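K.L.:
Before I ask anything, here is the structure I am working with.
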Amino acid sequence: MRSSFFGLEMARRAMSSHRTDVDVIGHNLSNAHTEGYSKQDAVLRPTSPFSVGGSNRMEMGTGVEVTDITRRTNRYLDREIYRRSGEAEYWESRKQKLSEIEDILAEPGDSGISAVMDRFWNSWQELSSEPDSMSARTSVIERAEEMGDAFSAADRQMENMLDNLDQTAESRVERVNGILDELEDVTDRIRTLEGSGTTANDLLDQRDRLVEELSGLIDLHVSDSEDGGVRLMADGTPILDSYTGRRMEMEVAPPENEDGEIKDFPDEEIGFQWKHEEGHAVQWEDPPSTGELGSLTQMRNEDVPRMLEDLRSLADGIREAVNEQHGEGFDLDGDEGDDFFFNGEDAQSGVLTVDEVVRDDPRLLAAASDADGVPGDGSNARALANLKEEDINIELQYRDETDNEAPGEFLRSVVADLGIRAEQAEQQHGNNHSMLTQLKNSRDADTGVSIDEEMTHLIQSQNAFNASARLVRVWDEMLDTVVNGLVR
């Protein structure tokens, strides 16, 4: 036989359940615009019934209770977002860095290397028309110094870019390790809570946000473990699971080939390894191919060094060609020409400096092809001007070959190749960003908070709570009738 207070207890449980439902709705509304928050639902289920009656026994319901607070999730979309985040961050970073190189070259433009090269060749052409003009000779030296400054400025900015890439990559490695530290802490708390039967919905959201951020930095394969943790692998190497954790380390060192021999190009490159907490390390053999760190690695180890090599090789080729042609001419005193650009033992690759002797005495410019033609012969100056369109030797270490091409044509091909890569990065960034946005919108529609839905649900839960409270009053009046009415 059920208790006289059975109805009160049922009404009390209903009030408690609907209040919990309202609390969950309030939590959802409070986090409606919180990045990475997943909608939670209070699961209401009928409580266990009991049998009543005589020979024809029946089951009577006993009310409602909250059995769980669930978290909406779509792991398929999560994994697609992890993958696409790596691609989007890779192309965004690559787009920015290639744009920086374009700004350094300043092509096309009056301050670009092409423009100053043209002014240098044109100054020789002008000298060929007035070989005895000191102002024309001085102009050649000034244009040569202007060209040397342009190459030096580009070289310096490229070197600074390499340093910045090293520092940026190092900061990203620190962030990777920071995320792994946070993930270890969060997953430990998740396992502890879920092991005791407590839901850890907010911690799971925090875990997924961290994994998503990490996937934007490095190549990542993500899978869930049965104990509420997460297994992370990078290039086949486990970096985080329930039993082990590794941290990333970066090194800057001369590159090696497959046989362990030092390669000629580039001078240095960055590499990574995963170091276990016990000390032993696993080398990351292949550089990361996606994520921001993948872009930084490719720019640091390939794109910027190759661009630097292109410019230095072009400058070296110009120095060699100009010095050789200048040596075939004669100055105003009828003497054979010497090196126009400094080419001593201390000469640095990519640096064009007018030889000090020539700079101090413009008469030493070898504009004539024949000593007997001095001072009116300007044919050698014309030959120097024609180097603009003639093939010169440009040695490229990263190709392990010598390119024979006109200086201007070589530079145009370098700039064109850079433009193609920048355009590809721009297009890929747009495509991946659009796809990532679509995936996030789909996830938000599936697992995010809809304010309209929550407000509708809130009104329903409020009405249910009010009805439960009314039921308490009804049972109170019924009990009052039974107890006090019998006394009267």
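A short reminder: the numbers here are calculations on the coordinates, not readings from a lab. None of the values given here were measured: they were computed from a predicted structure. Note that we place each Cβ from the backbone using ideal geometry, even for glycine, and neighbour counts take in every protein chain shown.
K.L.:
Mind pulling the per residue volume of the convex hull built on the Cα atoms of the stretch 63-115? Å³ is fine. Mind showing how you got there, number by number?
P.N.:
Working: hull volume 5.8 nm³, N = 53.
Each residue corresponds to 110 Å³ of Cα convex hull volume.
K.L.:
Ser30 to Ser413: extension gain in nm, 0.36 nm per residue of separation minus the Cα-Cα distance? Write down the numbers at each step before the final one.
P.N.:
On the way: separation 383, 0.36 × 383 = 137.88 nm, distance 5.65 nm.
Answer, rounded to one decimal: 132.2 nm.
K.L.:
Set the Förster distance to 56 Å, then compute FRET efficiency between Glu226 and Glu142 from the Cβ-Cβ distance, nearest 0.05. Can you show the working numbers first?
P.N.:
Values: r = 75 Å, r/R0 = 1.34.
The pair Glu226/Glu142 has a calculated efficiency of 0.15.
K.L.:
With each label point set 7 Å from Cα along the Cα-Cβ vector, what nm distance links Gln273 and Asn177?
P.N.:
The two pseudo-label positions are separated by 1.4 nm.
K.L.:
Can you give the extra length, in nm with one decimal, that the chain gains between Asn164 and Ser434 once fully stretched, where that is 0.36 nm per residue apart less the Cα-Cα distance?
P.N.:
Values: separation 270, 0.36 × 270 = 97.20 nm, distance 2.89 nm.
The span from Asn164 to Ser434 would gain 94.3 nm if fully extended.
K.L.:
How big is the dipole moment of the chain about its Cα centre under a simple scheme where the beta carbon of each Lys and Arg is +1, that of each Asp and Glu is -1, and everything else is neutral? Debye, nearest 20, please.
P.N.:
Details: 47 positive and 107 negative charges, 1265 e Å.
Approximately 6080 debye in magnitude.
K.L.:
At 222 nm, what helix-only mean residue ellipticity would the chain give, in deg cm²/dmol to the nearest 500, using -39500 (n - 2.57) for each DSSP H run of four or more?
P.N.:
Numbers: 11 runs with 272 residues, N = 488.
Roughly -19500 deg cm²/dmol at 222 nm, from the helical runs in the chain.
K.L.:
If one puts a single equal scatterer on every Cα of the chain and applies the Debye formula without solvent, what log₁₀ I(q)/I(0) results at q = 0.08, 0.09, 0.12 Å⁻¹?
P.N.:
Log10 I(q)/I(0), no solvent term: -0.71, -0.80, -1.06.
K.L.:
State whether the stretch 285-325 is rounded, prolate or oblate according to the following rule on the C-alpha gyration tensor (a ≥ b ≥ c being the square roots of its eigenvalues): a/c under 1.5 gives rounded; otherwise a/b larger than b/c gives prolate, and the remaining case gives oblate. Mind dumping the intermediate values first?
P.N.:
Working: a/c = 8.06, a/b = 4.59, b/c = 1.76.
Prolate, because a/c is 1.5 or more and a/b exceeds b/c.
K.L.:
With axes computed from alpha carbons, what is the tilt in degrees of helix 134-195 against the longest principal axis of the chain, rounded to the nearest 10 within 0 to 90?
P.N.:
Compared with the principal axis, the helix lies near 20 degrees.
K.L.:
Below 13 Å, Cα to Cα, which aspartates and glutamates can Lys95 reach? Residues fewer than 8 away in the same chain don't count.
P.N.:
Filter leaves Glu87, Asp103, Glu292, Asp303, Glu423, Glu426.
K.L.:
Any chance you could give the angle, 0 to 90 degrees and rounded to 10, that helix 75-105 forms with the longest Cα principal axis of the chain?
P.N.:
The angle comes out near 20 degrees.
K.L.:
Work the Kirkwood hydrodynamic radius out for the stretch 385-488: mean of 1/r over every pair of different alpha-carbon atoms, inverted, in Å.
P.N.:
Numbers: mean 1/r = 0.0451 Å⁻¹.
Taking the inverse mean of 1/r over all distinct Cα pairs, the stretch 385-488 comes out at 22.2 Å.
K.L.:
Arrange the peptides 316-322, 357-363 so that the one whose residues have, on average, the most other Cβ atoms within 10 Å appears first. Mind dumping the intermediate values first?
P.N.:
Numbers: 316-322: 22.0, 357-363: 15.6.
Going from most to least packed, we get 316-322, 357-363.
K.L.:
Another question about this same structure. Which one, Thr70, Phe120, Pro49, projects farthest toward the positive side of the charge dipole computed for the stretch 36-161 from Cβ point charges (K/R +1, D/E -1)?
P.N.:
Final value for the positive-end residue is Pro49.
K.L.:
May I ask for the percentage of alpha-carbon pairs in the stretch 343-442 that lie more than 15 Å from each other?
P.N.:
On the way: 3950 of 4950 pairs.
Within the stretch 343-442, distances greater than 15 Å cover 80 percent of Cα pairs.
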